[in-house]
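What follows is a short report on a single structure.
The values are calculated or read from the model by the stated rules, or taken from the named source; none is laboratory data. No experiment lies behind these values; they were computed from the predicted model shown. Heads up, the Cβs are rebuilt from the backbone with ideal geometry, glycines too, and the neighbour counts pull from every protein chain shown. Just the protein is used for accessible areas: all its heavy atoms, side chains included, with ligands, DNA and RNA removed. Shrake-Rupley method; radii C 1.70, N 1.55, O 1.52, S 1.80 Å.
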Amino acid sequence: ATKPYVLDDLAPQAAVQATLQSINYDKTVHGCLMFRPLPSFLDEKALCNMLSPEKDIDGISLASLASVFTDSSDGFPPCTAQACVEILDFYRIPLVGKHVVVIGRSLVVGKPVSMMLRRNASVTICHSRTENLPELCRTADIVICAVGRAHAFGKEYFRAGQTVLDVGINFDSRGTLCGDVNFDEVEPVVDAITPVPGGIGTVTTSVTMAHVVDAAEKMTG
């Protein structure tokens with residue numbers, strides 16, 4: 001069962017901290033998902049780090065992220081980053097010795113998924129200031145797009161034989177939900193591409209629930 005904690009839009013830092021503390025100590029709560037971004041007057045980083053790693057099912061605290069970067073089994077990785085790995089595993093996309101280009105360097109997707117894939121693949125992290133980005137993308141076996149800009153990547157970024165994971169959730173000029181990749185242009189070119197909606201986001205939801213179950217099992221022994 002879910003247990004919502006709804007605070008006023010103007011709730012001060014102390015009120016949010018007290019709520020998180022109560023969640024940390026509440027044995028009937030097995031996992032916590034904090035909706036972000038928080039209001040700008042709150043110290044979001046400090047609040048994220050208050051959440052116990054055992055209940056941090058979306059990997060937002062530094063303690064949880066440290067487990068991703070150190071290959072530890074403590075805590076949970078960010079759900080969207082893990083969703084990318086789960087999709088590659090499910091469809092048996094080869095990773096060993098392959099080249100992965102990740103476009104985006106956020107702590108939500110780009111950096112953690114790069115660390116999670118580096119164990120078997122060679123990973124290149126790119127961003128808006130990367131030179132010759134289209135050419136670099138075409139050298140990859142797998143491209144993960146996570147910049148949050150509608151249709152930012154057209155067919156000039158891709159080639160035949162690639163697998164493309166589109167993490168973006170955006171709205172185009174017509175108000176239609178879309179990804180970072182121009183799907184209609186790119187889908188005929190590459191071997192496989194995730195759609196938006198119905199791709200990474202759907203798997204992210206399943207990963208979130210799996211983390212809750214895992215957290216509950218660990219807490220109950």
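Things worth noting here:
- Positive-end residue, the chain charge dipole about Cα centroid, Cβ charges, pick of T80, I169, I142: I142
- Label assignment, log10 I(q)/I(0) by the Debye sum over Cα atoms at q = 0.09, 0.11, 0.12, 0.16 Å⁻¹ derived from the structure, set [x] -0.40, -0.59, -0.69, -1.11; [y] -0.45, -0.64, -0.74, -1.08; [z] -0.33, -0.49, -0.58, -1.05: [x]
- Ellipticity estimate at 222 nm from DSSP helix runs (n ≥ 4, -39,500 (n - 2.57)) divided over the chain, nearest 500: -10500 deg cm²/dmol
- Helix 13-25 and the longest principal axis of the Cα set of the chain meet at an angle near 90°.
- Cβ-derived FRET efficiency at R0 25 Å, A66 paired with D9, nearest 0.05: 0.20
- Between 0 and 90 degrees, the angle of helix 200-220 with respect to the longest Cα principal axis of the chain falls at about 40 degrees.
- Annotation: extensible slack from A216 through S73 equals 49.9 nm (criterion: 0.36 nm per residue apart, minus Cα-Cα distance).
- Based on protein heavy atoms only, the chain ends up with 54 Å² per residue of surface accessible to a 1.4 Å probe.
- Reduced Cα scattering model of region 144-221, Debye log10 I(q)/I(0), q = 0.24 Å⁻¹: -1.03
- Surface share of carbon and sulfur [accessible, 1.4 angstrom probe, percent] for the chain: 55
- The convex hull defined by the C-alpha atoms of region 1-63 has an orientation-averaged projected area of 4.1 nm².
- For region 69-188, dividing the convex hull volume of the Cα atoms by the residue count gives 113 Å³ per residue.
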